[in-house]
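As structure tokens, the structure follows; a few thoughts come after it.
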Amino acid sequence: MWRADAPAKAILFGEHAVLYGAPAIAIAIDLRATISVAKSNKWILNGDEFDPKVNPHLGQLISEFGTLQSPLSISIDSEIPMAAGLGSSAALSVASGLALSTFHGRNPSTETLARIAHKAEASAQGGRASPTDTSVSALGGAVIVNSSIIKSLQHRWSIDLDGPDGHNHWDVHSLSIPTSLSSIPVVIGFTGKSSSTSEMVEIVAKNMKNPSFRSSMDAVSELSSHAINLLSEGDPKVIGEAMTQCHSLLKNIGVSSKELDDLIEAVLPFSFGAKLTGAGGGGCIIALSDKPEECADAIKELGGVPYVTSFAENGVEILT
Ligand code: MEV
């Protein structure tokens, strides 16, 4: 039996904008998805019989990283809320890739895992998917995805994708962030409302035809580029302020909601800064805070679900 796990991600800056040429800055967080794979005489998923051919996401991964010919018993155990903007499916994809290929005696590189998982995500998101979630889940730490190489960062790989709006090119980088920042607790507040990334990216694609939305998107891009320098300075107060500012801009591009705005208002008195994270619409907020328990109480009071977690250094890994 082989077991692998991979972390969730939270985007600090640049969600949506990364699909329009801007950098996205994302961190891995310590909520993990675990998958185990064992030999079996029929296909089993979490104790029930299943047909991988009718499960498009898992079926595609099984055929990419192994074979549909020999049945397996697969168990999935995830701490990451689904459809909540935390990259649960990306984490599952990269963890599945590692567990399946190790089971079949292969030893894929982190880059291969991230590439194949991105292909699966892109087909699930109607061709509009940046490699942000899959790269962070594979690499761990802090990752910057941009439309060209940023010389001051460690370049990992490039990814190209033909989508409905034309050709996309991304360069994936790692950034080591100072302990003054990486040691700050990360508080996630789930609104309890799920959100579909593919629907949200489609709404934004329509909104982008409107010049006022486009100028807010330009401001998100500018802030995200500036934040790369701020991150290396490692001052949580400065990063927090920029995150809160980023949330106002994301509101202008139509991806926030009353629930997200209310959670942000509730945690701001106890945090350095807060914003929605991921595709928006529903899903989660992220706050950087040295008073995580106060933030968690404020989130609960509004009916949200808090996760007090931390920055995760480790990406996808084999557990057995
Ligand atoms: C989803 O986690 C982030 C989006 O920017 C979509 C993407 O990057 O594929 C909304």
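Tabulated data
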| item | result |
| --- | --- |
| Binned Cα-Cα distances of the chain, short to long, each 10 Å bin given as a whole percent | 6, 29, 35, 22, 7, 1 |
| Sparse-neighbour loop sites [trypsin sites (Lys or Arg not before Pro); region 69-159; at most 15 other C-beta within 10 Å; DSSP] | ARG106, LYS151 |
| Sum of -39500 (n - 2.57) over DSSP H runs of 4+, divided by residues of the chain (222 nm, nearest 500) | -12000 deg cm²/dmol |
| Neighbourhood net charge (11 Å Cβ-Cβ; Lys/Arg +1, Asp/Glu -1) for VAL18 | -1 |
| Cα-projected label distance for VAL308 with LYS258, points at 7 Å along beta-carbon direction, nm | 3.0 |
| Violating pairs (Cα-Cα greater than 18 angstrom) within the set LYS209/LYS258; LYS119/LYS193; LYS193/LYS275; LYS119/LYS275; LYS206/LYS251; LYS9/LYS53 | LYS209/LYS258; LYS119/LYS193; LYS119/LYS275; LYS9/LYS53 |
| Cα gyration tensor shape for region 2-178, rounded if a/c is under 1.5, else prolate or oblate | prolate |
| Options GLY66, VAL238, THR277, ranked by Cα towards positive dipole end of the chain, top entry (Cβ charges) | GLY66 |
| Alpha-carbon centroids, region 113-144 and region 191-245: separation in whole Å | 18 |
| Other-chain or far-sequence residues with amide H under 5 Å of LEU12's (modelled H) | ILE25, ALA26, ILE27 |
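Each reported figure results from applying straightforward, stated rules to the coordinates on display, with no laboratory input. All values reported here derive from a predicted model rather than from experimental measurement. Positions of Cβ are backbone-derived with ideal geometry, glycine not excepted, and every protein chain shown enters the neighbour counts.
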